[in-house]
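One structure below.
The values are calculated or read from the model by the stated rules, or taken from the named source; none is laboratory data. Please read these numbers as outputs of a predicted model, since none were measured by experiment. Using ideal geometry, Cβ is built from the backbone for each residue, glycine included, and neighbour counts are taken over all protein chains shown. SASA here: full protein model, heavy atoms, side chains in, ligands and nucleic acids out. Shrake-Rupley method; radii C 1.70, N 1.55, O 1.52, S 1.80 Å.
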Amino acid sequence: MDDGGSRLPRWVAAVIGVVAGAVALGVAQLAAGLTNASASPVIAVGGAVVDQTPAGLKDWAIRNFGSNDKLVLITGIVVVLALIAAGLGVLSRRRIGYGMTGLLVFGLIGAGAAATRPDSGPFDILPSLLGVGAGSWALSLLFRRVARDGWDDLPEEYPVAEGTPAGTTGPEAEAGPADEGETGGAEPIARPAEKPPVMRAGDDLYTFDRRRLLTGVAVGVGVAGVAGFGGRLLASSRDVDVARRTVAKTLPRPAVTAKAIPAGADLRIRGLSPFVTPNRDFYRVDTALVVPSVDPADWTLKIHGLVDKPVELTFDDLLRRPLMEADVTLTCVSNDVGGPYVGNARWLGTRLADVLRDVGISSQADMLLSVSQDGFTCGTPVDVVMDGRDALLAVAMNGEVLPAAHGFPVRQVVPGLYGYVSATKWITEIKVTRFDEDEAYWTPRGWAPLGPIKTQSRIDVPRDGDVVPPGPTTIAGVAWAQHKGISAVEVQIDGGEWREAKLAEVNGPDTWRQWSIEVPLTPGERVIAVRATDASGYTQTPDYAPPAPDGASGHHAISIQVS
Ligand SMILES: Nc1nc2c(c(=O)[nH]1)N[C@H]1C(S)=C(S)[C@@H](COP(=O)(O)O)O[C@H]1N2
Ligand SMILES: [Mo]
């Protein structure tokens with residue numbers, strides 16, 4: 001394998017070197033993404049460089065590149081690595097072992113950096129070493145694939161079939177479909193040489209196979225890109241995990257705890273939604289293709305617009321404010337009657353109204369246009385947030401740091417409003433403004449600017465279509481009318497009398513409320529419907545409305561087979 005590429009032009013060898021280097025980095029990045037983001041050799045070396053950089057130079061970099069300083073550093077490292085990889089490629093013309101040794105040296109530097117970072121573990125050398133392996137493999141494969149050994153030793157007229165005849169051993173045999181298209185391998189070698197298409201370009205004798213170079217480079221770059229990008233995606237979610245664990249250690253205790261959840265809040269009926277929805281089961285609705293990863297160390301919340309004193313709060317600023325707990329049931333406006341997009345959690349956060357009072361909002365303002373890291377916006381009525389309810393900038397959910405998918409590090413929670421007008425996740429900005437001047441994300445897309453939650457109820461047990469034995473049967477479910485509270489739930493069988501269900505206890509008006517009733521069922525097909533009445537005295541209308549534009553209405557009904 002040594003001497004494999006000796007006749008390749010330098011630039012071809014350089015290209016191969018760069019592609020092999022890219023494969024090495026891509027694979028290392030993927031391995032880091034799967035294990036520990038900071039074990040990526042580029043990140044580790046970059047981190048080491050940052051740590052070693054004198055403060056003066058750091059300040060200079062920050063002054064000149066601003067928040068792009070990390071990007072500039074990483075780009076610099078990658079450019080230097082590419083130049084070195086090109087050099088290793090050229091060296092490999094002489095002996096491929098030179099290139100491989102060079103890759104190994106850089107892999108060891110990466111592994112060394114990764115192993116000695118403050119947050120590193122013993123496995124952090126793996127990405128660098130796997131990268132070296134993949135890079136060396138790519139290097140030798142590409143050299144063997146592209147080189148036409150002995151070509152320029154041959155007399156000009158010597159017949160050469162393009163590609164490799166069948167039966168040839170070596171990497172070409174495993175090089176895949178690209179080969180087959182070229183020759184089929186069956187053409188006789190002794191065919192008189194027409195102009196072999198890769199022989200000449202101008203006066204230069206091509207000593208390599210352009211087509212194989214091209215396909216090899218394309219595959220190499222593709223592998224590097226997919227692995228690297230995939231690794232980056234994985235890594236960014238892991239970065240969030242690390243940040244979440246750090247926040248977990250410093251999360252202050254609430255200054256105001258939530259009212260205890262009474263034992264009778266959960267009827268503990270099999271199949272009935274638990275009073276508190278575990279985070280892992282909590283519905284998720286957002287427009288983000290990839291869960292945004294926000295570093296709380298960089299996070300700020302800018303509050304501006306119709307205010308006396310615009311501010312930009314850091315995460316620490318937020319945590320220094322008194323935190324309070326609140327049990328609040330979130331509901332999505334796109335939840336159809338009987339649908340799943342509703343869940344109840346205990347939130348920990350700081351009062352949004354207090355923050356707004358501190359910045360002093362103008363009496364002209366009627367809308368809070370909150371903006372997410374990913375650009376999503378939400379329009380929340382000022383009067384609702386200021387009326388004393390537990391509207392929060394939340395940092396934790398059910399005793400756990402906010403999960404990434406639910407808005408880490410900070411999200412809004414406002415009892416009584418559908419999520420699309422209140423529950424901004426990954427919040428970074430609040431513009432205090434007016435509904436007649438600004439429009440939130442969903443408004444031009446056919447949803448109402450205002451989204452108070454409609455009183456609703458749902459049957460959880462039995463499920464639609466179930467077969468149940470005749471006799472006394474438990475029907476149970478949940479009902480919600482956030483910030484009003486549920487005062488009654490009734491159940492109806494086959495259009496008969498409405499019978500009042502038993503309500504579970506609650507600790508406030510902002511959560512859903514479980515209910516249950518035991519009814520005698522006789523054999524046959526039975527239709528069971530439910531309706532709730534809220535504390536304002538409103539009873540759910542039977543008139544069905546679809547979710548758009550401002551939330552579904554109508555009674556949830558199921559059919560079951562009693563037999
Ligand atoms: N950044 C952002 N926040 C968002 C959304 C979004 O698309 N992007 N969707 C909202 C909607 S429509 C709902 S119902 C709630 C859902 O919150 P959850 O995913 O934590 O259940 O988040 C709200 N916050
Ligand atoms: Mo929603």
* Go through region 295-316 residue by residue and tally those that are buried (at least 19 other Cβ atoms within 10 Å of the Cβ) and touching a Pro at 6+ places or on another chain (Cβ under 6 Å). => 3
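Return the residue satisfying two criteria in turn: it lies in region 470-527 and is more than 30 Å from residue 282 (Cα to Cα) and in a loop (DSSP other than H, G, I, E, B), and of such residues it is most open to solvent (accessible area, probe 1.4 Å).
Here is the first cut: in region 470-527, the residues more than 30 Å from residue 282 (Cα to Cα) are 470-472, 493-499, 519-526.
Next cut, in a loop (DSSP other than H, G, I, E, B) only: 470, 494-497, 522-523.
Values: 470: 67, 494: 77, 495: 60, 496: 35, 497: 150, 522: 84, 523: 86 Å².
Looking at the filtered set, the residue picked out is 497.
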* Residue list for region 395-446, filter: part of a loop (DSSP other than H, G, I, E, B), open to solvent by 50 Å² or more (accessible area, probe 1.4 Å) and within 15 Å of ligand 2 (Cβ to nearest atom) -> 441, 442
* Asked: Pairs under 6 Å by beta carbon, first residue within 19 Å of residue 302 (Cα to Cα) and within 7 Å of ligand 1 (Cβ to nearest atom) in region 406-426, partner at pLDDT below 95 and assigned to a loop (DSSP other than H, G, I, E, B), six or more apart or different chains?
  -> 426/292; 426/294; 426/373
* Could you please tell me which pairs satisfy a Cβ distance under 7 Å, a separation of 6+ or placement on different chains, a first residue in region 283-295 that is near ligand 1 (Cβ under 7 Å from one of its atoms), and a second residue that is modelled with pLDDT of 80 or more and open to solvent by 50 Å² or more (accessible area, probe 1.4 Å)? => 283/340; 283/341; 285/341; 288/374
* Mind checking which residues of region 333-383 are of a type outside the set (A, V, I, L, M, F, W, C), touching a residue at least 60 places away in the same chain (Cβ under 8 Å), open to solvent by less than 20 Å² (accessible area, probe 1.4 Å) and within 13 Å of ligand 1 (Cβ to nearest atom)? -> 335, 339, 343, 344, 370, 372, 379
* Just for strands (runs of 3 or more DSSP E) wholly inside region 237-354: which have at least 2 residues that are over 30 Å from residue 455 (Cβ atoms) and under 21 Å from the mean Cα position of the chain (by Cα)? -> 300-305
* To do: Just give me the residues in region 85-107 being touching a residue at least 12 places away in the same chain (Cβ under 8 Å) and not hydrophobic (A, V, I, L, M, F, W, C), in sequence order.
  => 87, 89, 92, 93, 94, 95, 97, 99, 102, 107
* Structure fact -> Exactly one of 215, 257, 277 is among the polar types (S, T, N, Q), buried (at least 19 other Cβ atoms within 10 Å of the Cβ) and within 30 Å of residue 502 (Cβ to Cβ), and that residue is 277
